[in-house]
Structures are given as C-alpha cells and as structure tokens.
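The values are calculated or read from the model by the stated rules, or taken from the named source; none is laboratory data. Source: prediction; values computed, not measured. Methodologically, a virtual Cβ is constructed for each residue, glycine included, from the backbone with ideal geometry; neighbour enumeration extends over all protein chains shown.
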Amino acid sequence: MYVVVRSYSGQGAQELFDALGQRQDDVKDLIGGVPGFASYAAFRSGEGGMTVTVCQDKAGTDESSRRAAEWVKDNISTDVSPPAITEGDTVLAF
C-alpha cells in the first residue's frame with residue numbers, strides 16, 4: 001500500500017475544507033474512482049487541513065493527487081496555496 005498526505009494551509013485552505021465538507025459525494029466519486037483506491041480522509045487542522053489517500057501503489061496516489069489538484073482548480077473560487085505533500089509505502093495498515 002502507498003499513502004499520500006496533502007497538508008493545506010495559508011491562502012484558500014479554509015475555503016477548500018468548507019467545500020470538501022459541502023461536496024462530499026463529488027469528492028468520494030472523484031477520489032474513489034482512482035485505480036487501486038483503498039481509503040480517503042480529510043480533516044481540519046488549525047486554519048487549514050489535511051487529506052490522506054491510501055492506494056495499492058504509487059501510481060494510484062499520483063493519480064489521486066492529479067485529480068485533487070484539478071478539482072481544487074475547478075471548484076474553489078479563491079486561489080489555494082499548493083499543499084505540502086508527504087508520501088511513502090505503508091509499514092502498517094489495518
């Protein structure tokens with residue numbers, strides 16, 4: 001399994017997490033359709049938040065990141081600072 005964590009802060013982060021909460025079905029369809037998808041979570045932290053995507057392999061998390069960036073561009077009316085991205089192979093998942 002491979003995991004990508006996107007950490008959003010700064011400009012547009014609050015608006016992004018408001019939209020994620022309001023458009024859960026859209027996000028579920030978008031990210032859930034990634035080949036090898038296993039799980040997704042989004043949560044607020046301070047003035048921004050984080051998203052966590054788990055897929056079977058790096059190709060899946062790369063695709064999820066591409067789709068996420070496209071969704072943000074198409075659905076958030078304000079500029080959103082790019083996320084800090086942390087990714088890697090899982091050592092424990094259950």
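Residue by residue, here is whether (1) part of a loop (DSSP other than H, G, I, E, B); (2) touching a residue at least 40 places away in the same chain (Cβ under 8 Å); (3) aromatic (Phe, Trp, Tyr) holds:
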| position | (1), (2), (3) |
| --- | --- |
| Phe43 | no, no, yes |
| Trp71 | no, yes, yes |
| Ser81 | yes, yes, no |
| Phe94 | yes, no, yes |
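Against the criterion of being of a type in the set (Ser, Thr, Tyr) and either more than 20 Å from Asp18 (Cα to Cα) or assigned to a loop (DSSP other than H, G, I, E, B) (or both), Thr53 does not qualify.
Of the residues making up region 21-32, those that are in contact (Cβ under 8 Å) with a residue 24 or more places away in the chain and part of a helix (DSSP H, G or I) are Asp26, Val27, Leu30, Ile31. Go through (1) surrounded by 12 or more Cβ atoms within 10 Å (Cβ to Cβ); (2) modelled with pLDDT of 95 or more for Asp89 and report which single condition fails. The single condition Asp89 does not satisfy is (1).
Here's the yes/no breakdown for (1) surrounded by fewer than 18 Cβ atoms within 10 Å (Cβ to Cβ); (2) more than 12 Å from the chain's Cα centre (by Cα):
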{"residue": "Val3", "(1), (2)": "no, no"}
{"residue": "Ser9", "(1), (2)": "yes, yes"}
{"residue": "Leu20", "(1), (2)": "no, no"}
{"residue": "Gly32", "(1), (2)": "yes, no"}
{"residue": "Val52", "(1), (2)": "yes, no"}
{"residue": "Ser65", "(1), (2)": "no, no"}
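Restricting attention to region 76-85, the residues that are closer than 19 Å to Ala41 by Cβ and exposed (fewer than 14 other Cβ atoms within 10 Å of the Cβ) add up to 2.
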